[in-house]
1. Taking 7 Å along the Cα-to-C-beta vector as the label spot, tell me the A130-R102 distance in nanometres, rounded to one decimal.
2. In whole Å, how far is the Cα centre of segment 90-169 from that of segment 337-408?
3. Which peptide among 359-368, 118-127 comes first, and what is the full order, when sorted by highest mean count of other Cβ atoms within 10 Å?
4. Lys and Arg at +1, Asp and Glu at -1: add these up for the other residues within a Cβ distance under 11 Å of G198 and post the number.
5. In Å², and per residue, what accessible area does segment 53-94 have when probed at 1.4 Å with the other protein chains present?
6. Enumerate the calculated ³J(HN,Hα) couplings along segment 180-190 in order (Karplus 6.51 cos²θ - 1.76 cosθ + 1.60, θ = phi - 60°), each rounded to whole Hz, writing x wherever the residue is Gly or Pro.
7. I want to verify the translational diffusion coefficient of segment 132-176 in µm²/s; compute it with Stokes-Einstein, Rh as the Kirkwood radius over Cα pairs, at 25 °C and 0.890 mPa s.
8. Given a 1.4 angstrom probe, what's the average accessible area per residue across segment 280-431, in square angstrom?
Amino acid sequence: MMDVMASEETRTVKPATARGSATPTEEGTPVAAPRAWAVRLVVVGIVLSALNLRPAITSLGALLEEVRDGLGMSGSMAGLLTSVPPLCFAVFGVMAPRLARRFGTGAVVCAGMVAITTGLLIRPYTGSTAGFLAASALTLMGIAVSNVLMPVIVKRWFPDRVGSMTGLYSMALALGTSAAAAVTVPVTEALGGSWQSGLAVWAGLAAAAVLPWIPLVRDRGPVSSTEPKAVRSVHTRVKGAGPVRHVHARVEAPVLRITRSRTAWALAVFFGLQATAAYITMGWMAQIFRDAGVPAGTAGLLLAVTMVMGVPLAFVIPRVATRLPHQGPIVIALGVCGLAGYAGLYLAPAAGAWAWAVLLGVSNCAFPLALTMVGMRARTGAGVAQLSAFAQSTGYLISIPGPLLVGVLYQHSGGWGLPIALMIGLMIPQMAVGVLAGRDRTVEEEAAR
């Protein structure tokens, strides 16, 4: 009679598309490493994609008054328009892991960049509010799937450099955001004053982002990068006559029940509240300054200053966050800056405009912090994929009412007092849940309990 003893271990697999020399996994099992050209191509793809994840929104914010006049929008409809981004991110973002499992992350991100290009090109020329919203939704669908998959790509290709690569991605995202806010008005004037041309010009940048992903379209990647079911290798040691034999069988562990994790919920709410603040800022801050008497070009520059603060800080904050056992202090510091900026907008929007723009720009760096915590709060690529989809989709659902409510309050109150008071009120729970999300623990541990 044979005595069978079985044990299990999780095997982490490195990227398997472009193969080069073998490198050991965390468990010591050698697997193929990616070629240098593939890694460089992924870096270029990440940077170009990040540059295109916000210009569709901030370019519209800079020209919102012209778009409203051109399409005959009311204040409430404009508020709905500023709520479309988080709605699309929530609806389409949750589909990203499933699409990536079926088609591969490279193919999905490439398709996302194509959708952004197409939507940006056609939306200014639809001639109606409904058409403008539909084309915007197409653009935002491409942004949504890329939003979710970027942390997965970083975790998969750069598992030992999550902080620095998240910082590079966040810095490029902030650069694209601020550039669109700063130059959309001048470009529009240079193109003859047509807001349609001023919005459509950003399709060129999106088209450039398609190119680096084309060679990676067939990249399926390892199962653990996008599959929510952890693949385990079962080693069966058979005792008996002759040498000991090890039999390897691939079995699937249960799906991670991420809704059982308090950290996942805290991170989702934190993501939602910071997204609320970000989309209110991107959609309405230029209008706040314009209503306070600031010229349109200067208001666009102020919005750009807010966005450009994320360029250096989005690179620094993730690197600092990964070195801290608890990210709560960073959450508090960013929240205090937000409270000060909103108070300034309430009391003296024009007099201290540049200071408020800087403070709100610092506060908006809660976004790269949230992305970094997504990578830190899960142990595996599968866990990161699930947590990223859950936190971003749930978070964007939470953020949908904010910009719409600001538009309604602005239209019916005739001023910015109530909308700014709403922004101040939302910053307190953002700080509270951010502290909870920053605790040193993983969703796998909590879900297992």
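The values are calculated or read from the model by the stated rules, or taken from the named source; none is laboratory data. If you're wondering where the values come from, they're calculated on a predicted model, not measured in any experiment. Methodologically, a virtual Cβ is constructed for each residue, glycine included, from the backbone with ideal geometry; neighbour enumeration extends over all protein chains shown. Note: accessible area is taken over every heavy atom of the protein model, side chains too, but ligands, DNA and RNA are not part of it. Shrake-Rupley method; radii C 1.70, N 1.55, O 1.52, S 1.80 Å.
1. It works out to 2.8 nm between the two label points.
2. Here the answer is 19 Å between Cα centres.
3. Most protected by this proxy first, the peptides run 359-368, 118-127.
4. -2
5. Averaged over the residues of segment 53-94, the accessible area is 27 Å².
6. With the stated coefficients, segment 180-190 comes to 5, 5, 7, 9, 4, 5, x, 5, 4, 5, 5 Hz.
7. Approximately 210 µm²/s, per Stokes-Einstein.
8. Heavy-atom SASA per residue in segment 280-431 reads 34 Å².
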